[in-house]
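Student: Got a structure for you, questions after.
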Amino acid sequence: MRTSFIFALFALLLTCGWSAQLFAATDHSGHGVDPNAFYLTVTPEPEAVQAGEQVTITLRLTDAHGAPVSEFEIVHEKKLHLIIIREGLDKFTHTHPEPGPDGTMVTGMTFPEGGTYYFYADFTPRDGKGQTLMAELRVEGESSPAPPLDPYVPGMVQTDELLANVGIEAGQGMHRVSFALMDLSEAPVTDLQPYLGAMGHFVVVSADGRQYVHSHPMDGGEASEVVFEVHFPGPGVYKGWGEFQRGGTVLVVPVVMQID
């Protein structure tokens, strides 16, 4: 049985603060300042983060000149989608801290195990283009090894709440990834509810965590089937998390795929 662990998240607060840059996914080459660059910085308090202990995480978004990003387009009902995944891709959460006027977000968090955690900030600045920034945070403490990333879809996936027959079909410059959802008695699920303005969300990262895709469903199809059009950045092994809402609860279906 394959399940996805959701981190323990606490109340989100707004505050001012400073943070030191760890890693930004946005590339800039050559000399001088790239005017299109944005940066994500992550600072924990206390500085030494221990698994199982609550820590305050401060995130800050800035532009190429160090000015805070404080105005956002609303995309799927939120200003910012924050995805946190442990190296090895075995721990996953999707949350939505509210940026303050200085571009700072503060959240209380408890990490279940030690390891390196990847933070992906997915947002669109006002009158700008969609951005995904990445930072890393090291968490000390006991760490169990992540399961190997052996592809198991196309095929049937079972979680504690759902069965999903997951299909992958190559198209022109993209792949269609379909989730035919059933309850544990194999009856088709027909009572899906919109989640963040869509019938599902699909977050995908490459095996090394360096490539990130956030896909939304295609229109039409069966009530029990959600199909995503995914533009993978290249061939390789990927892990994805399909998110669906039923009965007011968000259910997560993890999948590991080989894309040729």
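We did not get these values from a lab; they are worked out from the coordinates using the rules stated. Since the model is a prediction, treat every value here as computed from it, not as a measurement. Every residue, glycine among them, receives a Cβ derived from its backbone with ideal geometry; neighbour counts consider all protein chains shown.
Student: Tell me, yes or no, whether the range 63-70 has at least one residue that is more than 30 Å from G200 (Cα to Cα) and in a strand (DSSP E or B).
Tutor: Filtering the range 63-70 down to residues more than 30 Å from G200 (Cα to Cα) leaves 63-68.
Of the ones still in play, those that are also in a strand (DSSP E or B) are 63, 68.
Yes: one or more hits.
Student: May I ask you to list the residues in the range 71-90 that are part of a loop (DSSP other than H, G, I, E, B) and closer than 24 Å to Y117 by Cα? Write out each step before concluding.
Tutor: Restricting attention to the range 71-90, the residues satisfying the condition of being part of a loop (DSSP other than H, G, I, E, B) are 71, 73-74, 76-77, 79, 87-90.
Hits for the range 71-90 are K79, E87, G88, L89, D90.
Student: Go through (1) touching a residue at least 24 places away in the same chain (Cβ under 8 Å); (2) polar (S, T, N, Q); (3) not in a loop (DSSP other than H, G, I, E, B) for N165 and report which single condition fails.
Tutor: For N165, the failing item is (1).
Student: Could I ask something else about it? I'd like to verify a number: residues in the range 176-194 that are surrounded by fewer than 18 Cβ atoms within 10 Å (Cβ to Cβ) and assigned to a strand (DSSP E or B), how many? Let's see the steps before the verdict.
Tutor: The first filter runs over the range 176-194 and keeps only residues surrounded by fewer than 18 Cβ atoms within 10 Å (Cβ to Cβ), leaving 176, 182-188, 190-191, 193-194.
Among the residues that remain, those that are also assigned to a strand (DSSP E or B) are: 176, 182, 188, 193.
Counting residues in the range 176-194 that are surrounded by fewer than 18 Cβ atoms within 10 Å (Cβ to Cβ) and assigned to a strand (DSSP E or B) gives 4.
Student: Looking at (1) exposed (fewer than 12 other Cβ atoms within 10 Å of the Cβ); (2) polar (S, T, N, Q); (3) touching a Leu at 6+ places or on another chain (Cβ under 9 Å), which is the one condition that is false for N165?
Tutor: (1)
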